[in-house]
1. Using a Gaussian network model of the chain whose springs link C-alpha atoms within less than 10 Å, name the residue from 43, 277, 386 with the highest mean-square fluctuation.
2. For the chain, what is the calculated [θ] at 222 nm in deg cm²/dmol (nearest 500), taking -39500 (n - 2.57) for each run of four or more DSSP H residues and dividing by its residue count?
3. For the chain, with only Lys/Arg (+1) and Asp/Glu (-1) charged at the beta-carbon, what is the dipole magnitude about the Cα centre, in debye rounded to 20?
4. Among 310, 334, 377, pick out the residue whose Cα is farthest towards the positive end of the charge dipole of the range 298-424, where Lys and Arg carry +1 and Asp and Glu carry -1 on C-beta, about the Cα centre.
5. So for the chain, taking the charge dipole from beta-carbon charges (+1 Lys/Arg, -1 Asp/Glu), which of 181, 7, 363 sits furthest toward the positive end?
6. Could you give me D for the range 337-408, from Stokes-Einstein at 20 °C and 1.002 mPa s, where the hydrodynamic radius is the Kirkwood radius over C-alpha pairs? Units µm² s⁻¹, please.
7. Which number comes out as Rg/Rh for the range 1-129 once both Rg and the Kirkwood Rh are worked out on C-alpha atoms?
8. In the Gaussian network model of the chain, springs joining C-alpha atoms below 10 Å, which of 420, 254, 287 carries the largest mean-square fluctuation?
Amino acid sequence: MRSDTNASYLRAARAGNLEKALDYLKTGVDINICNQNGLNALHLASKEGHVEVVSELIKRGANVDAATKKGNTALHIASLAGQTEVVKVLVTNKANVNAQSQNGFTPLYMAAQENHLEVVKFLLDNGASQSLATEDGFTPLAVALQQGHDQVVSLLLENDTKGKVRLPALHIAARKDDTKAAALLLQNDHNADVESKSGFTPLHIAAHYGNINVATLLLNRSAAVDFTARNDITPLHVASKRGNANMVKLLLDRGAKIDAKTRDGLTPLHCGARSGHEQVVKMLLDRGAPILSKTKNGLSPLHMATQGDHLNCVQLLIQHSVPVDDVTNDYLTALHVAAHCGHFKVAKVLLDEKANPNAKALNGFTPLHIACKKNRIKVMELLLKHGASIQAVTESGLTPIHVAAFMGHVNIVSQLMHHRASPNATNVVSNGFLLSSMETHF
């Protein structure tokens with residue numbers, strides 16, 4: 001008898017007969033009772049678009065996220081059926097917009113699959129995620145592409161780039177590592193090297209995000225591994241800068257030029273060293289990256305690793321026999337750079353490797369001059385311990401103590417005096433600034 005009442009209650013909900021459904025509830029029927037497939041009254045009313053019944057059931061305590069045996073919630077069912085008004089009621093009542101069924105289907109996926117544009121729009125506006133894929137890897141975008149639902153595809157792509165520069169569809173698929181969508185897009189347009197406004201290809205995007213799966217697909221579909229974007233940046237430059245070691249390996253295995261140079265002369269090794277990606281630097285060095293390569297300004301990977309205070313990368317480069325006193329166009333060594341930035345540990349490693357503490361830049365500045373100018377007291381003391389000359393003179397006749405005094409670094413001046421630096425060293429500039437500095441502070 002009770003099972004007949006339950007069945008009648010479910011039939012009333014399905015038919016949209018609110019009065020009758022409520023009568024059955026008054027007799028003690030469980031509001032969440034299900035049929036043999038796990039469908040309850042809320043599921044059945046949602047499928048048929050009975051907004052009033054859905055609202056009343058929720059008001060009376062129906063479980064808004066109750067799932068069928070296949071894991072579908074009322075929101076899945078309403079989305080699949082294109083019942084926009086029911087979808088709105090369910091979401092307003094806190095239904096989980098990103099619930100996944102047993103096969104990984106989301107409400108957004110189901111709406112996209114069935115070309116229900118209004119439902120897709122509403123779900124996107126209410127936090128539905130495009131990146132959740134089914135068990136077999138289909139995203140809402142992929143299924144919409146497969147089914148040829150052009151308006152849904154456009155809506156999904158627009159939503160994904162809100163507030164950003166609009167990217168071509170294949171770039172978006174690359175960013176999301178959506179291989180299914182990428183494969184479908186490439187079926188329609190075989191050009192894997194479609195460019196964004198700034199000249200980047202989908203492979204550049206995949207390299208940036210470390211998306212191996214879609215990168216592999218693109219390369220298999222004849223994407224140019226060394227395609228040069230704006231400023232001659234290749235995917236390998238991008239992957240190296242981002243520290244995506246697996247991507248670097250993939251690109252190298254597929255023939256990427258390890259010595260490719262950007263317009264400024266940066267190689268992938270420069271990019272990895274500047275960003276401090278030890279694993280990438282090691283891989284590039286092991287593969288024979290040009291360790292002596294210079295940028296247009298004459299910066300080597302060692303200069304860049306030093307500038308970033310990337311101690312491990314500095315040590316790796318040294319292990320691969322990089323000359324520690326290699327110079328830029330202005331004759332700056334890595335030790336000059338470490339002194340400028342105040343990178344004590346890197347400076348120590350360089351000095352331990354016999355870097356010249358008295359190397360002179362084009363203007364005659366030694367690392368000690370620079371440390372004094374930038375008020376790097378710890379580096380200054382380290383340089384002095386390693387034999388830096390306290391009397392070294394620049395092209396304009398300045399010793400380190402002159403530079404420190406000119407900058408007003410009294411603590412540096414004091415330390416140098418302690419090390420017997422002469423405040424009266426001759427220079428082509430008047431010593432007046434040194435004396436006035438000393439008088440002001442002592």
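A short reminder: the numbers here are calculations on the coordinates, not readings from a lab. This one's a predicted model, so the numbers in the text were calculated from it and none came from an experiment. We place every Cβ from the backbone using ideal geometry, glycine too, and count neighbours over all the protein chains shown.
1. Among 43, 277, 386, the largest mean-square fluctuation in the Gaussian network model of the chain belongs to 386.
2. Working: 27 runs with 236 residues, N = 442.
Mean residue ellipticity at 222 nm (helix-derived): -15000 deg cm²/dmol.
3. Numbers: 44 positive and 38 negative charges, 158 e Å.
In debye, rounded to 20, the chain gives about 760.
4. Value: 377.
5. After comparing all options, I get 363.
6. On the way: Rh = 11.7 Å.
Diffusion coefficient, whole number: 183 µm²/s.
7. Numbers: Rg = 14.0 Å, Rh = 14.4 Å.
Value, to two decimals: 0.97.
8. It is 420.
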